[in-house]
Amino acid sequence: ALPVLILIGYYLAVEPLGFLLSGIALIFATALGLGGRPAGSALLAIGMTIAIHSVFSGLLRVPLPEGILSLPW
């Protein structure tokens, strides 16, 4: 049941929050759900999300949702 809830949350969050923030949350929640430590889960989530974003957005030129990070600060 937990993986389904995590994926539903990701689906609902990816457009408003963007790929980076929702991807970090998805991987972090999944790692914690599988028994990972919070610090290690956070590092894994940040690293994997940046790696996935680099491959799909940078190398493959696949547009990913930017969400709130695209707003001018």
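The values are calculated or read from the model by the stated rules, or taken from the named source; none is laboratory data. Note that this is a predicted model, so its numbers are computed, not measured. A quick note on method: Cβ atoms are made from the backbone with ideal geometry, for glycine too, and the neighbour counts reach across all protein chains shown.
Kindly indicate the residue of segment 50-73 that is in a helix (DSSP H, G or I) and within 19 Å of L12 (Cβ to Cβ) and also modelled with the lowest pLDDT among those meeting that condition.
S70
What number of residues within segment 20-49 satisfy the criterion of being loosely packed, with under 15 Cβ neighbours inside 10 Å, of a type outside the set (A, V, I, L, M, F, W, C) and part of a helix (DSSP H, G or I)?
Going through segment 20-49 one residue at a time, the tally reaches 4.
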